[in-house]
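The values are calculated or read from the model by the stated rules, or taken from the named source; none is laboratory data. Treat the numbers as computed from the prediction; the structure is a model and nothing was measured. Counting neighbours? That spans all protein chains shown, and the Cβs are built from the backbone with ideal geometry, glycine included.
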Amino acid sequence: MNALALVPTPDPIPVAWGWFEGLGILTFGLHITLANVLVGGGLLALYLKLRDRNDPTASDVSTRLPTVFALTVNFGVAPLLFLQVLYGHFFYVSATLSAAWWLTIIAFLILGYYAMYINQHRVRAARPGGGIFLAAATGMTLCIGLILANVLTMMARPEAWTGYFDNPGGTMLNLLEPTLIPRYLHFVFASLAMGGLFAALPARFGKGTPEGLEKGMKVFTTATMLQMAAGVWWLVALERPVMLRFMGDSAFDTALFAIAVALTFPALAAGFRKKPVAAAAWIMAAIMAMSGVRAVVRSATLSPFFSPGDLAVTGEFSPLVLFLASLAVGLAALAYMLRLGFKTQEEG
Ligand code: HEM
């Protein structure tokens, strides 16, 4: 069967596609940073708690996670908007084929959020327990990441969609995808690294716990090295024409990839020198560049079927202007709320 026949006809877009791709890369970079902190912070706190249920770093990290959870969800909305504008006719087909798993995300979000709050409450009430709620919440966030990796890889493989005719029940998974495991591991190791930074950064400013700096930076450097290995695996698992774009076939993509990789080295060096602020700045730059690399992987994988440059453009700028204005107001409101929140916490 010709897989192209399964791809729905896309709607026209109001302005040139580069706007949506660029904003998608930017907002996805923010979303994935927060998702990394959430999952990695949970894993780190859990690990420390299993060694000592009263570990102060575990308590400090895990009680800050409900806020990160809320921010991760909020910052997921913006890339979702841009994804559906450009790639909705691929993304929604994939989400529908995996509908049962896709809808489970909502249950995991609600239950995971509750579990994080219950953990926070128990820690603050000096009844930390064995970490069952933290474990449940972290497990659910790991599952959410896996389901998303599944849907986002399947969207770029219309040839896999024919599986629907054997499995119309909405439980399709993209398990034969060679990039799925390295892609997911890339997320898990990145999460561990960001969880380490999340423990170390407050310690650097005299908050959190003093041992958080030592423990956090050790986790950051170890996980970043594992992350590099998972990245190499992901690269070689890509289809050859996609991989070759980063090996000289496209000057722009090769340069972007080289910059993204190069940025991880100063981050690692700062990690070894136990400088969390410098490590955070370098790693944020690396995440943004890698977010661009990921967008290139998607468009190169989809290129036999579709290019966003082919979408009809209506030339209506007003929705974009309204969006950018609302984004600016929204970000300012968020910054204000976070400042108020931290101030209240400090006042105790
Ligand atoms: C705890 C919750 C969450 C976690 C751990 C999480 C994690 C992830 C991960 C790992 C990916 C990348 C998957 C891949 O490409 O292999 C991803 C992508 C994405 N997530 Fe989340 N996510 C969470 C919640 C959400 C929510 C609630 C939304 C929407 C409101 C959302 C929207 C997105 C979108 C749109 C992408 C893809 C962006 C793109 O490809 O351009 N996420 N997320």
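For segment 181-202, the criterion of being farther than 30 Å from Leu50 by Cα, buried (at least 21 other Cβ atoms within 10 Å of the Cβ) and near the ligand (Cβ under 10 Å from one of its atoms) is met by none of the residues. Among the residues of segment 112-158, those identified as within 14 Å of the ligand (Cβ to nearest atom) and among the small types (Gly, Ala, Ser) are Gly112, Ala115, Ala136, Ala137, Gly139, Gly145, Ala149, Ala156. Quick one: would you say Phe69 is buried (at least 21 other Cβ atoms within 10 Å of the Cβ) and over 30 Å from Asp11 (Cα atoms)? Against the criterion (buried (at least 21 other Cβ atoms within 10 Å of the Cβ) and over 30 Å from Asp11 (Cα atoms)), Phe69 qualifies. Could you please find all residues in segment 169-180 being more than 15 Å from the ligand (Cβ to nearest atom) and either at pLDDT 95 or above or among the small types (Gly, Ala, Ser) (or both)? Within segment 169-180, Gly169, Gly170, Thr171, Met172 meet the criteria.
Conditions tested, residue by residue: (1) in contact (Cβ under 8 Å) with a residue 24 or more places away in the chain; (2) buried (at least 23 other Cβ atoms within 10 Å of the Cβ).
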| site | (1), (2) |
| --- | --- |
| Leu38 | yes, yes |
| Asp55 | no, no |
| Phe75 | yes, no |
| Ala78 | yes, no |
| Gln84 | no, no |
| Phe91 | yes, no |
| Trp101 | yes, no |
| Arg122 | no, no |
| Leu134 | yes, yes |
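Residue-level check: of (1) away from the ligand (no atom under 15 Å from the Cβ); (2) surrounded by 15 or more Cβ atoms within 10 Å (Cβ to Cβ); (3) outside any helix (DSSP H, G or I), Trp161 misses just (3). Filtering segment 44-53 to residues that are assigned to a helix (DSSP H, G or I) and surrounded by fewer than 23 Cβ atoms within 10 Å (Cβ to Cβ) leaves Leu46, Tyr47, Leu50, Arg51. The residues on offer are Gly212, Gly231, Gly248, Gly208, and the sole one that is more than 16 Å from the ligand (Cβ to nearest atom) and more than 15 Å from Val277 (Cα to Cα) is Gly248.
For segment 309-346: of the residues being among the aromatic types (Phe, Trp, Tyr) and at pLDDT below 90, which is surrounded by the most Cβ atoms within 10 Å (Cβ to Cβ)? If we take residues in segment 309-346 being among the aromatic types (Phe, Trp, Tyr) and at pLDDT below 90, then Phe323 is surrounded by the most Cβ atoms within 10 Å (Cβ to Cβ). Per the conditions (1) within 20 Å of Leu65 (Cα to Cα); (2) in a helix (DSSP H, G or I), the sole criterion not satisfied by Arg245 is (1). Exactly one residue out of Val68, Val85, Val77 is in contact with a strand residue (DSSP E or B) (Cβ under 7 Å, 6 or more places away or on another chain), within 11 Å of the ligand (Cβ to nearest atom) and among the aliphatic types (A, V, I, L, M): that is Val85.
Looking at segment 309-348, which of the residues that are part of a helix (DSSP H, G or I) and of a type in the set (Ser, Thr, Tyr) is farthest from Asn74 (Cα to Cα)? Out of the qualifying residues, it is Ser318.
Look at segment 1-17: where a residue is under 23 Å from Leu320 (Cβ atoms) and in contact (Cβ under 8 Å) with a residue 24 or more places away in the chain and a partner is buried (at least 16 other Cβ atoms within 10 Å of the Cβ) and of a type in the set (Phe, Trp, Tyr), sitting 6+ places away or on another chain with Cβ atoms under 7 Å, you get Ile13/Phe20. The set of residues in segment 1-58 being within 12 Å of the ligand (Cβ to nearest atom) and small (Gly, Ala, Ser) consists of Gly22, Gly24, Gly29, Ala35, Gly40, Gly41, Gly42.
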